[in-house]
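Written out below as structure tokens is the structure these notes cover.
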Amino acid sequence: MNKSVITNLIAALLLALGYYFSSAIVLSIGLFALSGALTNWLAIHMLFEKVPGLYGSGVIPSRFEEFKAGISHLMMKQFFTDENIDRFLSDQGGSESPINLQPVIEKVDMSPAFDALVITVEQSSFGGMLTMFGGTDAITPLKEPFIEKMKASLVEISQSEEFYTLLKNELEQPDVLADMKTKINEIVSQRLNELTPDLVKEIIQEMIREHLGWLVVWGGVFGGIIGLIAALMQA
């Protein structure tokens with residue numbers, strides 16, 4: 001049982017007790033507390049659900065497209081600006097947090113590079129000599145050591161200051177930066193298009209329902225206080 005239900009039950013109980021015992025003060029406290037709690041509960045409910053006859057209810061689902069457009073605008077105009085991208089690249093160039101391409105390099109298939117090397121050797125002046133020693137099968141055992149050495153060399157190159165400077169200069173070219181932002185915008189739009197009104201409603205409800213529940217509690221508390229003051233003023 002959540003705090004909203006508990007608050008409404010307590011307010012209703014005070015209202016019933018005040019009516020049963022003919023206590024004007026308790027009756028007024030219960031009435032005002034219940035009206036405050038129910039009003040706030042209804043307001044919260046109307047954020048997420050469309051209530052027939054109540055204009056403005058279901059504002060989150062009904063404003064779904066505006067919600068998506070707002071997220072897209074926030075991402076592209078606040079986060080992925082030219083200045084922020086440049087700042088990110090500059091920060092990544094420091095010795096404490098360089099761009100780490102090792103995970104990418106480790107996943108790259110280097111077999112084509114070894115195959116190209118074999119073809120080059122075959123077509124060179126060493127091709128005849130290679131044939132004498134069993135052809136390409138003779139250097140096949142060198143494939144794994146070659147790939148390991150190649151990856152290690154690429155990792156070392158990618159972690160050098162010269163490589164970072166070259167990468168940063170290329171990424172900061174106007175056409176490259178514009179193309180990068182276009183691709184980022186496409187990714188953001190694609191992910192937002194996967195959202196549905198119900199999913200957005202669930203996300204927002206999960207984030208704020210617990211905190212909005214306190215609106216019902218405080219609505220009941222302040223309603224009860226106002227009811228107490230009103231009863232005392234009439235006494």
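The values are calculated or read from the model by the stated rules, or taken from the named source; none is laboratory data. Quantities reported herein were computed from a predicted structural model and do not represent experimental measurements. Please note: Cβ atoms are built from the backbone with ideal geometry, for glycine as well, and neighbour counts cover all protein chains shown. Remember, those area values only see protein heavy atoms, side chains included, never the ligands or the DNA or RNA. Shrake-Rupley method; radii C 1.70, N 1.55, O 1.52, S 1.80 Å.
Which value, in Å² rounded to 10, gives the accessible area of R191 with a 1.4 Å probe and all protein chains present?
My reading of the accessible area for R191 is about 140 Å².
Cα centroids of segment 158-235 and segment 1-80: how far apart, whole angstrom?
21 Å
Considering the options P145, M110, I204, tell which one lies farthest towards the positive end of the dipole of the chain, charges being +1 on Lys and Arg and -1 on Asp and Glu at the Cβ, about the Cα centre.
Selected residue: I204.
Which value at 222 nm does the chain reach when only helices count, each DSSP H run of 4 or more adding -39,500 (n - 2.57), with the total divided by all residues and rounded to the nearest 500 deg cm²/dmol?
Roughly -25000 deg cm²/dmol at 222 nm, from the helical runs in the chain.
Compute the FRET efficiency between T182 and Q102 as 1/(1 + (r/R0)^6), taking r as their Cβ-Cβ distance and R0 = 30 Å, and round to the nearest 0.05.
Computed FRET efficiency for T182 and Q102 comes out at 0.60.
Counting only protein heavy atoms, what percent of the accessible surface of segment 135-235 is carbon or sulfur at a 1.4 Å probe?
Accessible surface attributable to carbon and sulfur in segment 135-235 totals 62 percent.
Cα-based Rg of the chain per 2.2 N^0.38 Å, rounded to two decimals?
Computed over Cα atoms of the chain, the ratio equals 1.95.
Using label points projected 7 Å from each Cα along Cα→Cβ, tell me how many nm separate Q205 and E122, to one decimal.
Inter-label distance under the simple model: 6.4 nm.
Residues with beta-carbon under 15 Å from that of M76, excluding M76: net charge, scoring Lys, Arg +1 and Asp, Glu -1?
The answer is +1.
Would you work out what percent of the accessible area of segment 1-91, with all protein chains in place, is carbon or sulfur (probe 1.4 Å)?
Exposed carbon and sulfur together represent 69 percent of the surface.
Along the charge dipole of the chain, Cβ charges K/R +1 and D/E -1, which of F64, V188, F80 sits furthest on the positive end?
F64
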